[in-house]
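The values are calculated or read from the model by the stated rules, or taken from the named source; none is laboratory data. The structure presented is a predicted model; accordingly, all values stated were derived computationally and were not measured. Neighbour counts run over all protein chains shown; Cβ positions are idealised from the backbone, glycine included. Surface areas here come from the heavy atoms of the whole protein model, side chains and all, with no ligands, DNA or RNA. Shrake-Rupley method; radii C 1.70, N 1.55, O 1.52, S 1.80 Å.
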Amino acid sequence: MAGKSTTDRKGKSKDTKTLSNELTDNLAAFTLPESLPCSEVSFPVLITKVAKASWQDILEESNQHFREIEEFTERKKEAVPKPPFLKTECDYITNEVFVQLIPALEETLNKAKIWEALSVQKCFFNGIDHIVQVLWNNNPRYPGRKERPLHLFNMPWVRKDLLKSPRPYYPKSWLWPENYAATLIQKTIRQYFVQREEEVQEMREFWKKLDVERKVPDIDTNPFLAKKFASASNFRKN
């Protein structure tokens, strides 16, 4: 019995030695990869408590879905061209004027921020001059001007106009105090909103036509002139 136990112990010790040698060999041969794909990495998931949606959130979400559907249907609609007699001034301003004017205004505001014209009173930058320069150089009727843009004071029509009526040495924005300039701006805006009212427009139109009748005495006897000046759209002030 004693001989058997010694042999069993020796066999077990040999087995453990071989297993340990295999493990060391495997560990020595094993190398970690430089990177693992995301599909093989199991990231921990943070379980949070889902907040209950309020009725206001549900309404806003449904309204947003409806707006998206309406925008999609509007985009899919084909634009029906209007006949010339149905085209209004708003269509012309939207499709012809604002397409050129809005980018010019945006560029002018960016330039004003660079020059700090909104915070410094005596600034070299003139916003109106810059708008005129951008609109003249980007006129779609003259595409050649984009290739060779000119400064405002190098334009031929500006030079002719400055020869006839030169500008003062200092602009008014340098001479007027802020309070006086603010009063003039408010006065102009109030005047504009008052003149937009229908009663005021009717009264102004009446005085304009009366002025024309005084300057053109043949309007009472000539039916062609009377028909021409009957509508305000054909009226031109002399």
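Below are the figures for this structure:
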read-out	value
Ala117 being open to solvent by less than 50 Å² (accessible area, probe 1.4 Å) and modelled with pLDDT of 90 or more	no
Subset of segment 175-184 [open to solvent by 100 Å² or more (accessible area, probe 1.4 Å) and among the hydrophobic types (A, V, I, L, M, F, W, C)]	Leu175
Ala104 modelled with pLDDT of 85 or more, in a helix (DSSP H, G or I) and open to solvent by less than 100 Å² (accessible area, probe 1.4 Å)	yes
Meets criteria (within 30 Å of Trp176 (Cα to Cα), in a helix (DSSP H, G or I), modelled with pLDDT of 85 or more and open to solvent by less than 100 Å² (accessible area, probe 1.4 Å)) for Leu109	no
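A quick yes/no check of all residues on (1) assigned to a helix (DSSP H, G or I); (2) open to solvent by less than 80 Å² (accessible area, probe 1.4 Å); (3) acidic (Asp, Glu); (4) closer than 25 Å to Leu109 by Cβ:
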| site | (1), (2), (3), (4) |
| --- | --- |
| Ile128 | yes, no, no, yes |
| Trp136 | yes, yes, no, yes |
| Val194 | yes, yes, no, no |
| Glu199 | yes, no, yes, no |
